[in-house]
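Read through the structure below, which is laid out as structure tokens, and then see the notes.
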Amino acid sequence: MTQTSEIILSGSGGQGLILAGQILAEAVIRDGKNAVQTQSYGPEARGGASKAEVIISNDDIDYPKVTKPDIVLAMSQEALNRYAGELGPNGTLIVDSTYVQAPDQSGIRMVSAPYSRIAKESLGKEMVANVVALGALAAITGVVSLESLKQALLSRIPPGTEALNKKALELGWKSAHQAAA
């Protein structure tokens, strides 16, 4: 039986969600599954809308665009407003509550945590909020292993930022498990 997950990582330009999508897709491939990743920016570029799409499957992927997401990560209010309504039945909505006010929605699973605040307060760098959120997404959904995610992360980040990014990933992973406990 084919298992496919369609994921949208969304927020404002400059939040690093395109990179997060690339890391996620690479990690999935390291786990032995198929993945395709696409991206788009709003006309405003930095500060405007930004979206990465990742499709994961244990079979061939025939179409490279998300048609009905199973998982949406919203790191800005605009992203939530734009993409949360596209979630399929029983979808998972993951929200950065630092910047996003999300109303309860029936028929979906919603997980809300202050990923940007966690990055800023725990690591002193809000710029790694994307990695914190990516770690949480992986823990919440189980679409990829933590080990593959770490390897993919280390292959795509600038030299000298390895320790910071590994801590950010682990903080996100732990925040998801603490929220579930």
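What number of residues in the range 157-180 are under 27 Å from Q3 (Cα atoms), out of contact with any strand residue (DSSP E or B) (no Cβ under 8 Å at 6 or more places or on another chain) and not acidic (D, E)? Steps first, please.
At the first step, the residues of the range 157-180 found to be under 27 Å from Q3 (Cα atoms) are 169-170, 172-177, 179-180.
After this cut, where a residue has to be out of contact with any strand residue (DSSP E or B) (no Cβ under 8 Å at 6 or more places or on another chain) as well, the list is 169-170, 172-174, 177, 180.
Applying the additional criterion that residues be not acidic (D, E) yields 169, 172-174, 177, 180.
Looking only at that region, the number is 6.
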Yes/no for E170 being at pLDDT 95 or above and of a type in the set (D, E): yes
Test set (1) more than 16 Å from the chain's Cα centre (by Cα); (2) more than 28 Å from K33 (Cβ to Cβ); (3) part of a loop (DSSP other than H, G, I, E, B) - S122 fails condition number: (3)
Criterion: under 13 Å from Q15 (Cβ atoms) and not aromatic (F, W, Y) - qualifying residue of D70, D96, D62: D96
Matching residues in the range 152-168 - criterion: being within 12 Å of S122 (Cα to Cα) and either of a type in the set (A, V, I, L, M) or in contact with a Cys (Cβ under 9 Å, 6 or more places away or on another chain) (or both): L164, A168
Tally of residues being of a type outside the set (A, V, I, L, M) and in contact with an Asp or Glu (Cβ under 8 Å, 6 or more places away or on another chain) across the range 152-181: 2
Residue list for the range 156-175, filter: outside any loop (DSSP other than H, G, I, E, B), in contact with a helix residue (DSSP H, G or I) (Cβ under 7 Å, 6 or more places away or on another chain) and either basic (K, R) or surrounded by fewer than 22 Cβ atoms within 10 Å (Cβ to Cβ) (or both): R156, E162, L164, K166, K167, E170, L171, W173
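The values are calculated or read from the model by the stated rules, or taken from the named source; none is laboratory data. Everything quoted here is computed from the prediction, not taken from an experiment. Using ideal geometry, Cβ is built from the backbone for each residue, glycine included, and neighbour counts are taken over all protein chains shown.
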